[in-house]
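Asks: What follows is a single structure, and I will ask about it in a moment.
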Amino acid sequence: QLQLVESGGGLVQPGGSLRLSCTASGFTLDYYAIGWFRQAPGKEREGVSCIRVSGGDPVYADSVKGRFTISRDNTKPTVYLQMNSLKPEDTAVYYCAAGRYYYCRGDVPRDGEMDYWGKGTLVTVSS
């Protein structure tokens, strides 16, 4: 059974950076993709980025393009989300999720397209 655990959240000033980690326990199959989602208080959860375990181009939401970078290390296995130039609007609980690879293409996945979820890590961007 695939288990996902996020880490790396915290408090950062606007313009700062954080790197989130998503560590998978159990075997992650090649046909899975890992996605990052976020949910701000009172708002619906939205996809941020995703990457296929087998490789290929990562996918980013328009709101984070040019600022966030997703990467993977299949030997651990771990997926990272490097967040730069953070804005107060980025404040949210960030979740790691796993779903079938074909949901990570063109657009970020939807909540209902993911099969496994971590419990989230809080990112607060504030001065």
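Asks: Write down the accessible area per residue of the chain in Å², having rolled a 1.4 Å probe over the full set of protein chains.
Replies: 54 Å²
Asks: Just subtract the alpha-carbon distance of Asp107 and Tyr31 from 0.36 nm times their residue separation and send over the number in nm, one decimal.
Replies: 25.6 nm
Asks: Return the FRET efficiency for the residue pair Ser71, Gln1: r is the Cβ-Cβ distance, R0 is 25 Å, and the value is rounded to the nearest 0.05.
Replies: Approximately 0.50, to the nearest 0.05.
Asks: Count the lysine pairs in the chain whose Cα atoms sit under 22 Å apart, keeping only pairs 8 or more residues apart in sequence or on different chains.
Replies: 5
Asks: Relative contact order for the chain using alpha-carbon pairs under 8 Å, separation at least 6, rounded to a whole percent?
Replies: Rounded, it is 36 percent for the chain.
Asks: Now a separate question. Which value, in Å³ per residue, describes the convex hull spanned by the Cα atoms of the chain?
Replies: 90 Å³
Asks: Using a 1.4 Å probe over the heavy atoms of the protein chains, calculate the carbon and sulfur portion of the accessible area of the chain as a whole percent.
Replies: Carbon with sulfur: 45 percent of the solvent-accessible area.
Asks: Modelling each spin label as a point 7 Å along the Cα-to-Cβ direction, I'd like the Glu46/Ser63 distance in nm, to one decimal.
Replies: Distance between label points: 0.2 nm.
Asks: Does segment 66-108 come out rounded, prolate or oblate by the C-alpha gyration tensor, with a ≥ b ≥ c the root eigenvalues, rounded set by a/c under 1.5 and, if not, prolate when a/b is larger than b/c and oblate if not?
Replies: Prolate, since a/c reaches 1.5 and a/b exceeds b/c.
Asks: Between the DSSP loop rule and a limit of at most 10 other Cβ atoms within 10 Å, which GluC sites (Glu not before Pro) in segment 1-101 are left?
Replies: Answer in residue order: Glu44.
Asks: Pulled fully out, how much extra length does the chain show between Ser54 and Ser127, if you take 0.36 nm times their separation in residues and subtract their Cα-Cα distance?
Replies: That pair, Ser54 and Ser127, stretches by 22.4 nm at full extension.
The values are calculated or read from the model by the stated rules, or taken from the named source; none is laboratory data. Predicted model, so just to flag it, every value in this text is computed and none were measured. Glycine also receives a Cβ, built like all others from the backbone with ideal geometry; neighbour counts cover every protein chain displayed. Side chains included, ligands, DNA and RNA excluded: accessible areas come from the protein's heavy atoms. Shrake-Rupley method; radii C 1.70, N 1.55, O 1.52, S 1.80 Å.
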